[in-house]
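The next block holds one structure in the form of structure tokens; read it before the comments.
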Amino acid sequence: MDMDALAAARGADFDRLFQAQMIPHHAGAVTMAAEAQAASERAEVRRLAGQIIAAQAREMLVAAGAARLG
């Protein structure tokens, strides 16, 4: 994330930059959670990872949709 660019942006530019930066942020969370599902021996960790994957996938769809609306 480019926090300096985000801090300097205002209005619609801020909105677009925020949405654009959140998509890869959420994608990273999905990648990490998938690794947790594969590697963890604890059922509660695997369950949490599944919940994170579902939630972050929804967030990416929302951010992508908002980005298209401009």
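The values are calculated or read from the model by the stated rules, or taken from the named source; none is laboratory data. This is a predicted model, so every value here is computed, not measured. Please note: Cβ atoms are built from the backbone with ideal geometry, for glycine as well, and neighbour counts cover all protein chains shown. Just so you know, the surface numbers come from the protein's heavy atoms only, side chains and all, with ligands and any DNA or RNA stripped out. Shrake-Rupley method; radii C 1.70, N 1.55, O 1.52, S 1.80 Å.
Annotations
- Qualifying residue in the stretch 32-50 (condition: of a type in the set (Val, Ile, Thr) and open to solvent by 50 Å² or more (accessible area, probe 1.4 Å)): no
- Checked against (1) modelled with pLDDT under 95; (2) assigned to a helix (DSSP H, G or I); (3) surrounded by 12 or more Cβ atoms within 10 Å (Cβ to Cβ); (4) not small (Gly, Ala, Ser), residue 1 passes all but a single condition, namely (2).
- Beta carbons closer than 9 Å, at least 6 apart along the sequence or on distinct chains, pair a first residue in the stretch 49-70 that is at pLDDT 85 or above with a second that is of a type in the set (S, T, N, Q) for 49/37; 49/40; 50/37; 53/37; 62/19.
- Those residues of the stretch 1-23 which are among the acidic types (Asp, Glu) and closer than 11 Å to residue 63 by Cβ, in sequence order: 15
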